[in-house]
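What follows is a single structure, written as structure tokens, with notes after it.
The values are calculated or read from the model by the stated rules, or taken from the named source; none is laboratory data. This one's a predicted model, so the numbers in the text were calculated from it and none came from an experiment. Here Cβ is always computed from backbone atoms with ideal geometry, including for glycine, and neighbour counts include all displayed protein chains. Just the protein is used for accessible areas: all its heavy atoms, side chains included, with ligands, DNA and RNA removed. Shrake-Rupley method; radii C 1.70, N 1.55, O 1.52, S 1.80 Å.
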Amino acid sequence: MQRPPQEDFSLKETKPHLGGGKIIGDKLTSTYDLVEQMQYLYVRVVKAKDLPGKDVTGSLDPYVEVKLGNYKGTTRHFEKKSNPEWNQVFAFSKDRIQASVLEVIVKDKDVVKDDFVGRVLFDLNEIPKRVPPDSPLAPQWYRLEERNGNKVKGELMLAVWMGNQADEAFPEAWHSDAAAVSGADGLANIRSKVYLSPKLWYLRVNVIEAQDLIPSDKSRFPEVFVKAILGNQALRTRVSMNKTINPMWNEDLMFVAAEPFEEPLILSVEDRVAPNKDEVLGRCAIPLQYVDRRLDHRPVNTRWFNLEKHVIVEGEKKEIKFASRIHMRVCLEGGYHVLDESTHYSSDLRPTAKQLWKSSIGVLEVGILSAQGLSPMKTKDGRATTDAYCVAKYGQKWVRTRTIIDSFAPRWNEQYTWEVFDPCTVITIGVFDNCHLQGGDKSGGARDSRIGKVRIRLSTLETDRVYTHSYPLLVLHPTGVKKMGEIHLAVRFTCSSLVNMMHMYSQPLLPKMHYLHPLTVSQLDSLRHQATQIVSLRLSRAEPPLRKEIVEYMLDVTSHMWSMRRSKANFFRIMGVLGVVISVGKWFDQICNWKNPITTVLIHILFLILVLYPELILPTIFLYLFLIGIWHYRWRPRHPPHMDTRLSCADTAHPDELDEEFDTFPTSRSPDIIRMRYDRLRSIAGRIQTVVGDLATQGERLQSLLSWRDPRATSLFVIFCLVAAVVLYVTPFQAVMLVTGFYVLRHPRFRYKLPSVPLNFFRRLPARTDCML
């Protein structure tokens, strides 16, 4: 497979004209200072009065048409109303204005042809300019005119001004860029929006015991378990060990719940009467609004809940209340952080309960400027097009920019701010293609396509510095890695308290409940899956929706799936870490073999000093590390990290490995391909198995030194230990270290190429491989 040019995937530093260019040092003076200013002509159509009737009946169905050159926006129309109120805003991009006159026309909606009622004209050279934080321009009444300039009956209240994207009217305005979008749903789907993730809690259900159960067959010992359901989450306890009508479990079940609590916790006590048949002995429903909330590890009070049984009598469901009860401890855990993101890319680590939050340490500001060279994502009217928007996620706050219609180089220039509570967190910014321009119902089940995403770890940023870079949007396809374009961002991390931020580096990453009462790995995996499902479901129900495929891509839902490419990348990462140790080993081997005699002599002298003055060892090590750190400061990274195709092994991955990575779960490939992949996985697992076996063998040989499994070897070792103990008692430790050190560093003419005696002895020790089947 042809390897794409690496330089094409690089990060590029840029010099945009931010905030009108008023820069003081690294800081900018405007509040909307991390984006380039975009000038807009705003027209606010408020209302009209005394409009003349046009129909035979004298009634009027008025609407307003705002026209500027080839661009035309219209308000909604009212039936039979001469004093309508619209209060709609229209925004025309100054870059695309080619006319010199703005025309605001009032028309009468008709079946055949809309009638002209009157108009107001504005010369663009005379329109006032407004710069926030100036107060909004007050609308004024304008008398309507005929086409020939004569005044007619009726007045229109308008406000017209030149402004930029910092204007309060900008988010709600109809944009000339989106003139092709129709319908209220379509317009809602292209506007910028801020979303908040639902507040997530862990719900702990400690099932203790049940009493006075009434099984239908009293002649057998009941095999009872408890099933708990919360929304689409279902968990069950094990079958109770004491097979009586008073079973005990003392087992914890963990769920994820989201505020506002919409569904109750449903518990059913069931008896396994046959291998595939369970009989319900009683149920109870617990509304989560009334469940205790705890902030620490102190247990909440236990409660008895009555069980109810449902029976069908002549087609009707009747409730029979009886004396069966279940004993439980149910609580909402406020001391944990509900993990809904991949652990490596967490943007928030605070506990659920707001009382436990620490004060913020700073502010993160992101200017989403533009994109360049975006790939065509779909075909419309026979030509390729892309309708791009961005989504940024940090903490509980999601932001979505407006959609720029039909552009491969969209300019958003929108700025957003987040509070920062921990510097060791990551902001994720994704770019998507909008497939819902005609509204949700008309899209035919289309999914918004992913164009790419960028991750920025806050701890890699210098404080108070504005980073302006163009990030490559890299996406892995079944055919290989592909650059989908570039996104241009301006990022600034401002620290409000340097002491608090430095103190954070000494604190645990997660809230203390994760360490005092840790959840198991399998519990965390299951709960993370449930949390992401809840977040994507709630955000997809917002208006306009942040769709499920967007949320899952931003949260890296599929990051845990098997990938040969990712496994190779992780192996090379481990080798990269161990490479330092290997390099030190090679360097020491060169010292021992006197490759550079001067260096070896200097090492002898350093070794002699450290042995004679051992109190210098630790200060020397720390001073050496300090000097290395100061030396590396000159070459410190000046740019944020970005997606690395070489590190990810994306540019060298075999097509079949990529096809396997994009396979569904469970697989949808043919049996022959599955057999080939299974055999490949077996061969890899076989090599891993051999390495693990070799490690176990070395450990067992150490254990056998004193186990007398080989009596002669253990006798030799025990005698050696006795002699060594006597010699070390009577010989100064420094003398022993000097002799040992000079022996290890001896000249090659005093060395033999055969393995040393201790190594020969160790390799002859027995391991438990003889006992393996």
Within the chain, helix-based [θ] at 222 nm, where runs of 4 or more DSSP H residues each add -39,500 (n - 2.57), nearest 500
-8000 deg cm²/dmol
For the chain, the dipole about the Cα centre with charges only on Cβ (Lys and Arg +1, Asp and Glu -1), to the nearest 20 debye, works out at 2160
Give me the 1.4 Å probe accessible area per residue for segment 199-333, excluding ligands and nucleic acids, in Å².
54
Given points 7 Å out from each Cα along the Cα-Cβ axis, report the residue 153 to residue 49 separation in nanometres with one decimal.
1.6
Enter the per residue convex hull volume of segment 199-333, computed from alpha-carbon coordinates, in Å³ rounded to the nearest integer.
125
In segment 75-228, taking the dipole from +1 charges on Lys and Arg beta carbons and -1 charges on Asp and Glu beta carbons about the Cα centre, the listed residue (164, 83, 195) farthest towards the positive end is 195
Put a dot 7 Å past each Cα toward the Cβ at residue 85 and residue 304; how far apart are the dots in nm?
6.1
Here, chymotrypsin sites (Phe, Trp or Tyr not before Pro) of segment 682-773 satisfying both criteria (DSSP loop; at most 15 other Cβ within 10 Å) are 708, 752
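Between residue 604 and residue 515, what is 0.36 nm times their sequence separation minus the Cα-Cα distance? Round to one decimal in nm.
Full extension of this stretch gives 27.4 nm more.
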Would you mind listing how long segment 64-196 runs along its three principal axes, going by Cα atoms, in whole Å with the largest first?
47, 34, 28
Accessible area per residue, Å², segment 568-623 with all protein chains present, probe 1.4 Å:
77
Share of accessible surface on carbon and sulfur in segment 667-773, whole %, 1.4 Å probe and ligands ignored, is 68
Calculate what fraction, in whole %, of the accessible area of segment 354-555 sits on carbon and sulfur atoms when a 1.4 Å probe is rolled over the protein chains.
54
The chain: C-alpha pair distances exceeding 39 Å, %
60
Note, ³J(HN,Hα) from phi for segment 423-434, Karplus 6.51, -1.76, 1.60, rounded to Hz, x at Gly and Pro:
x, 8, 10, 10, 9, 10, 10, x, 10, 9, 9, 7
Please give me the summed charge of the neighbours of residue 742: other residues whose Cβ is under 15 Å from its Cβ, Lys and Arg +1, Asp and Glu -1.
+3
Please compute the modelled spin-label separation between residue 502 and residue 572, points set 7 Å along Cα→Cβ, answer in nm with one decimal.
3.9
Would you work out the charge dipole size for segment 365-444 about its Cα centre, treating the Cβ of every Lys and Arg as +1 and the Cβ of every Asp and Glu as -1, and quote it to the nearest 20 debye?
220
Between residue 542 and residue 736, how high is the FRET efficiency from 1/(1 + (r/R0)^6) when r is the Cβ-Cβ distance and R₀ = 51 Å? Nearest 0.05.
0.10
Quote the convex hull volume per residue of segment 430-583, based on C-alpha atoms, as a whole number of Å³.
230
DSSP loop (so not H, G, I, E, B), at most 13 other Cβ within 10 Å: list which trypsin sites (Lys or Arg not before Pro) in segment 323-384 pass both filters.
358
Lys and Arg at +1, Asp and Glu at -1: add these up for the other residues within a Cβ distance under 11 Å of residue 387 and post the number.
-1
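On average, how much area does the Cα convex hull of segment 666-734 cover when viewed from any direction, in nm²?
About 9.2 nm², averaged over all directions.
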From Cα pairs below 8 angstrom and at least 6 apart in sequence, can you work out the relative contact order of the chain, rounded to a whole percent?
10
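Given the Cα-Cα distance of residue 289 and residue 109 and 0.36 nm per residue of separation, how much length would full extension add, in nm?
59.6 nm
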Amide H of residue 413: which non-local residues (sequence gap of 5 or more, or other chain) have their own amide H closer than 5 Å, using H built in the peptide plane?
369, 370
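So, counting K/R as plus one and D/E as minus one, what does the shell of residues with Cβ under 9 Å around residue 449 add up to?
Local charge sum for residue 449: 0.
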Segment residue 123-residue 631, extension gain: residue separation times 0.36 nm, minus the distance between their alpha carbons
176.5 nm
XL table 15/129; 49/109; 94/153; Cα-Cα > 25 Å flagged, in table order, is 15/129; 94/153
Given a 1.4 Å probe and every protein chain left where it sits, what share in percent of the accessible area of segment 126-252 is carbon and sulfur?
53
Dimensions (Å) - segment 558-641, Cα atoms, principal axes, largest first:
58, 32, 24
Listed pairs 81/380; 72/113; 512/548; 397/548; 199/512; 548/568 exceeding 27 Å between Cα atoms:
81/380; 512/548; 548/568
Suppose all protein chains stay in the model; what accessible area per residue would a 1.4 Å probe give for segment 354-555, in Å²?
40
Convex hull per residue volume in Å³, alpha carbons only, for segment 564-771:
237
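Going from the alpha-carbon gyration tensor of segment 394-516, what semi-axes, largest first and in whole Å, does one get by taking the root of 5 times each eigenvalue? Intermediate values should be presented prior to the final figure.
Details: eigenvalues 219, 66, 49 Å².
Semi-axes, largest first: 33, 18, 16 Å.
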Between the alpha carbon centres of segment 106-177 and segment 603-662 the gap in Å comes to 63
